[in-house]
Amino acid sequence: MEIAEHVNALRREGEWLADAAERAGLAATVPPCAPWQVKDLLRHTGYVHRWAARHITECPDQIIDGPSEEEILRGGADDAGLLAWFRDGHAALAQTLATADPAVACATFMPAPSPLAFWARRQAHETAIHRADADSAVGTMPEYEADFAADGIDELIMGFGRRRKYQPGSNADDVRLRVLVTDTGDAWLVEAHEGRLQPRRDAGGQEEAGCTVSGPASGLYLYLWNRADAARAGVTVAGDPGLLSAWQSSVRVRWG
C-alpha cells in the first residue's frame, strides 16, 4: 500500500474508533484488553498518536522514550473532554503524515521503504486494531478491506515477527507454519531456528508446512492480532499447532 492509502486508512479507522467508543460509553469494558475500559483505550491510543506524530515533527534519531502504560492511562484529558481530546490527536497525526516531506528522516523500529512509510503504515494498523477493541465494547466485530487487512498481516509477520523481543524460544524449533489469506492469495511461511522466528513471504504457497492457518484477510488479521478466536474469525487451523501456539503466546505487541 502507498503512504496516502495508509493515511486514509488511519483517518477512517480513527473516526470509527471514536464513534464506537462514544456508543459504548467510557465505562464499558474492552474484552480483548481486560481490564481496560473504553476510557483507557482512548487514553492509550490518543497518547500513541501524539507520540508517533512527534517523530515526524521533531525528527529524532532515536525512538522517543515514553512513559509506562500506567502513566499513560492516568494522563490525557479528563473524562468529560476525553473523546474530543482523542479526536484532536488523531486528526493532528493524520494531517502531520499527509503533509510531511516524503524524505523526512527520523527514527523507526522496523524496516520500511522510508520513515514516513513506516509511521503511516504502523499508525494505520495500530488504529485499526484498536478500532476492533472499541467495537468489542459494543459487542461487534469490524470487517476490514481485504487488501488493507492483508497488509496488516504482512506487517505483523514480517515486521513484529522478526523483532528480538517477540521470540518463542527453542521449543518451537523445526516447525513450519504457513499463513494463507484465502481471498487475496497472500501467503507467508514462518519457521523457528534456535528460538528465533524466521518469516518470509511465500508467493507460490506450495512449500510443505506442519501447520496451516487460513481464512479471509479480515478475520485472519483479527485472529493473528489475538482479537478474535478462530471460529468467529472464520479461520481454519490444520495440522500441528505447535508453532502457532508459540506465536500467539510470544508475539503479543504491547507498549513499552
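Let's see how each residue does on (1) at pLDDT below 95; (2) over 20 Å from residue 9 (Cα atoms):
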| residue | (1), (2) |
| --- | --- |
| 55 | no, no |
| 60 | no, yes |
| 66 | yes, yes |
| 69 | yes, yes |
| 72 | no, yes |
| 80 | no, yes |
| 88 | no, no |
| 99 | no, no |
| 102 | no, no |
For this session: Enumerate the pairs (first residue in the stretch 17-43 and loosely packed, with under 14 Cβ neighbours inside 10 Å; second residue anywhere and assigned to a helix (DSSP H, G or I) and not hydrophobic (A, V, I, L, M, F, W, C)) with beta-carbon separation below 8 Å, excluding pairs fewer than 6 apart on the same chain, so at least 6 apart or on different chains.
Result: 27/39; 31/136
Exercise. (1) within 21 Å of residue 19 (Cβ to Cβ); (2) out of contact with any Cys (no Cβ under 8 Å at 6 or more places or on another chain); (3) open to solvent by less than 10 Å² (accessible area, probe 1.4 Å): which one isn't true of residue 120, the others all being true?
Worked result: (1)
Exercise. What do you reckon, is residue 57 open to solvent by less than 60 Å² (accessible area, probe 1.4 Å) and either outside any loop (DSSP other than H, G, I, E, B) or over 29 Å from residue 162 (Cβ atoms) (or both)?
Worked result: no
Exercise. Which fully enclosed helices (runs of 4 or more DSSP H) of the stretch 65-166 have 2 or more residues being farther than 20 Å from residue 50 by Cα?
Worked result: 115-137, 146-154
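Being surrounded by fewer than 17 Cβ atoms within 10 Å (Cβ to Cβ) and under 21 Å from residue 97 (Cβ atoms) narrows it down to one residue among 14, 66, 75; which is it? I'd like the intermediate steps shown before the answer.
Working: 14 fails: surrounded by fewer than 17 Cβ atoms within 10 Å (Cβ to Cβ); 75 fails: under 21 Å from residue 97 (Cβ atoms).
Going through 14, 66, 75 in turn, the sole match is 66.
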Exercise. Going by the structure shown, is residue 128 in contact with an Asp or Glu (Cβ under 6 Å, 6 or more places away or on another chain) and modelled with pLDDT of 95 or more?
Worked result: yes
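The values are calculated or read from the model by the stated rules, or taken from the named source; none is laboratory data. Since the structure is predicted, the reported quantities are computational estimates derived from the model, not experimental observations. For neighbour counting, all protein chains shown are included, and Cβ atoms are generated from backbone atoms with ideal geometry for every residue, glycine included. Ligands, DNA and RNA are stripped out before the accessible areas are found, and what is left, the full protein with its side chains, is counted by its heavy atoms. Shrake-Rupley method; radii C 1.70, N 1.55, O 1.52, S 1.80 Å.
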